[in-house]
Amino acid sequence: MTEIRREVLTLPGAPVGPANPLPPLRPLDEVHELDEQTRKGLPLDMARQVGYRPLRSVLPERILDGYGRAREPVDLDALVIENERLRVTVLPGLGGRIASLFHKPSERELLYRNPVFQPANFALNGAWFSGGIEWNIGATGHTTLSCAPVHAARVPAPDGGEMLRLWEWERLRDLPFQVDLWLPEESDFLYVGVRIRNPHEKPAPVYWWSNIAVPEDRRVIAPADEAWHFGYERTLRTVPVPEHEGADRTYPLGSTFPADYFYEVPDARRRWIAALDDAGHGLVQTSTDLLRGRKLFVWGSGPGGRRWQEWLTEPGTGGYAEIQAGLARTQLEHVRLEAEGEFSWLEAYGPLAASAETVHSTHSAGAWAAVTGEVERRLQEALPRADVDAAYEVWRRECADTEPGERLAVGSGWGALELLRTGGKLAGTPFDESTLGEEQAPWRELLDSGAFPEPRRVGPPGPSLTAPAWRDMLETAPARPLSEYHLGVAQWHAGDRAQAVRSWERGLELAPSVWPLLRCLAVADAADHHPERAADRYAAAFDDLCEERRDDGEIWVAATAALGREAIAALLAVGRVQAARSVWDRLHPATRERGRFRLIEAQLRYAEGDMAGARAVYDAGFEVADLREGAEVISDLWAAIAPDEPLPARHDFRMRPPGRDICV
């Protein structure tokens, strides 16, 4: 029978660290954007979904950028689901990620299992890590729940055994979701039932991609003859499958630069994708038809992709690629979910063995049709399509609404707060009041009393809520400094910048702590193309923070680092180098040693005309732990410092050909 038990997974790892206490007011620097001309050439349904309410901000979430690159053993809480044939390791404290899918009869790990836990700046809100199977919900990109806890509990499975339910409230779109995992007795396949609900009175945009890391020495096969290619030049075009521009792109190392291939699976075909090794063995994923999209992401064989592989994993441990399954054809789209509606489907993951000769045939006429036909036949033998459809019907009818039993992990209290506000209840996914914590406490007081409480002790403000209902409550609450601060954040998120500025200015008049409000006003000045005024306000905000901060507190160190980083950038942008140096000098010594701030030091020295000093920073070496996917700041600064020298390999994170313009 299936067993669910607790374990501890110990890995070399870097702690996620504290959240950035500054609200993320700036728009996303999203790499998945298209120019208008490309959009005009898309199929009508795709163009409509590409333009349907794309995310512009990660509010009300906060940015996770407090991690480093120094690793030591970390203990990760794990939940193990096991039957006679499969052992599945789930990390409820890290978004419910499946870290391992081990097939016992063949003694094969079916996924890419990362040997380290290394946060990197790939999630919408920063910290993310590679490996395993992740559940991406929210908006284009990796979920904000990548390094966050989710709720978990035992629930009766469709076959009478046990299944593991994961659930949480996704805050970017204010949507609850659940993921049910179970192993039927003697099954080689993990079943995953997924449900997303819209409890609101208006339609909501939905994004979902199940992201599966697999070793890159595989051939990736899906039932499609063409794919939508998206590279980091930000262009989307159709290309043939498997060969394009003289290379077989179904082998991850057949591409030079990182790229996405979104397979155009015909409507009548079964939905599946597989990654098979030289012997024809590997992993297959299939689903009911609602989960229509299939994708391959490759890092490629170029120096930038190889450097990213080392950065996210561990040198010498083998690279990985990603195969994915989503609600839309591409990850640039968001799908409309009607008011009080739901999306639900079933996925299955398991081993597949096919003829190696057929799987890797590439040159004969009709070879690709033979490859996909062979894999689909083997899948049908191992797990008939009708069985997946039938399992979905039983799960959705008999199990999806079942109330959880023993609680195995606790997520956030944000869902409980939302249900308190609405008085609603969601069958199968309870958000108990017991999960409400310190971050939710002032918002519950606003809900109960109509007033937002002022803090009992000095410190950076807590997280803001930005949904319309909370904004309305803030507008009618007594006009105290902290409520004006949060009201301004909510108004800014809604696009009402003028009102946001007025709220922040009102808050300044009485606020004992002015730096949070000055920082918000500085962001507004920069957005309105007043860089000098923005620099003034940043400098004043940093001065005030330095007067107020407590140097022995983690949150104060995080606030000083975050505000100092923004202030230096604003001051350098208007040529006020000496003022930027003054901010640098008042950062905590440990902060100045972090890789991101070593890069800032090089920028400072370059602005001061100290080319030798800037070059010395590069020569000494640094690692920018929160380097953003697609960012080219390291290579651009090097080109300015040493224009006649090639970029050192350790600093080469370029994801597109050098000198190629981004099309937006």
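Table for the structure above
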{"item": "Qualifying positions in segment 332-359 - touching an Asp or Glu at 6+ places or on another chain (Cβ under 7 Å) and outside any helix (DSSP H, G or I)", "result": "Ala339, Gly350, Pro351, Ala354, Ser355"}
{"item": "Criterion: in a helix (DSSP H, G or I), within 16 Å of Arg197 (Cβ to Cβ) and among the small types (Gly, Ala, Ser) - qualifying residue of Gly415, Gly424", "result": "Gly415"}
{"item": "Boolean, Thr429 is crowded, with 18+ Cβ neighbours inside 10 Å, in contact with a strand residue (DSSP E or B) (Cβ under 6 Å, 6 or more places away or on another chain) and part of a loop (DSSP other than H, G, I, E, B)", "result": "yes"}
{"item": "Pairs, first β-branched (Val, Ile, Thr) in segment 38-50, second crowded, with 18+ Cβ neighbours inside 10 Å, C-beta under 7 Å, six or more apart", "result": "Thr38/Leu236; Val50/Leu34; Val50/Leu42; Val50/Leu332; Val50/Glu333"}
{"item": "Close pairs from segment 549-577: first closer than 17 Å to Glu532 by Cα and open to solvent by 20 Å² or more (accessible area, probe 1.4 Å), partner assigned to a loop (DSSP other than H, G, I, E, B) and modelled with pLDDT of 95 or more, Cβ under 8 Å, at least 6 apart", "result": "Glu566/Leu22; Val577/Glu608"}
{"item": "Only listed residue being open to solvent by 30 Å² or more (accessible area, probe 1.4 Å) and either more than 29 Å from the chain's Cα centre (by Cα) or touching a residue at least 12 places away in the same chain (Cβ under 8 Å) (or both), chosen from Ala494, Ala500, Ala535, Ala490", "result": "Ala494"}
{"item": "Residues satisfying the stated conditions in segment 578-591, i.e. part of a helix (DSSP H, G or I), open to solvent by 60 Å² or more (accessible area, probe 1.4 Å), within 22 Å of Pro460 (Cα to Cα) and not aliphatic (A, V, I, L, M)", "result": "Asp585, Pro589"}
{"item": "Residue match in segment 369-385 (condition: farther than 26 Å from Ala153 by Cβ, part of a helix (DSSP H, G or I), open to solvent by less than 40 Å² (accessible area, probe 1.4 Å) and small (Gly, Ala, Ser))", "result": "yes"}
{"item": "Residues located in segment 139-178, provided they are within 21 Å of Asn125 (Cβ to Cβ) and part of a strand (DSSP E or B)", "result": "His142, His151, Leu166, Trp167, Glu168, Trp169, Glu170, Leu175, Pro176, Phe177"}
{"item": "Test result for Arg171, open to solvent by 10 Å² or more (accessible area, probe 1.4 Å), in contact with a helix residue (DSSP H, G or I) (Cβ under 7 Å, 6 or more places away or on another chain), farther than 27 Å from Ser355 by Cβ and at pLDDT 95 or above", "result": "yes"}
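Rundown of residues vs (1) in a loop (DSSP other than H, G, I, E, B); (2) surrounded by fewer than 20 Cβ atoms within 10 Å (Cβ to Cβ); (3) touching a residue at least 24 places away in the same chain (Cβ under 8 Å), yes/no style:
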residue	(1), (2), (3)
Trp228	no, no, yes
Val239	no, yes, no
Thr250	yes, no, yes
Phe262	no, no, yes
Val265	yes, no, yes
Asp278	yes, yes, yes
Gly282	no, no, yes
Gln285	no, no, yes
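The values are calculated or read from the model by the stated rules, or taken from the named source; none is laboratory data. All values reported here derive from a predicted model rather than from experimental measurement. Positions of Cβ are backbone-derived with ideal geometry, glycine not excepted, and every protein chain shown enters the neighbour counts. Ligands, DNA and RNA are excluded from the accessible area calculation, which covers all protein heavy atoms including side chains. Shrake-Rupley method; radii C 1.70, N 1.55, O 1.52, S 1.80 Å.
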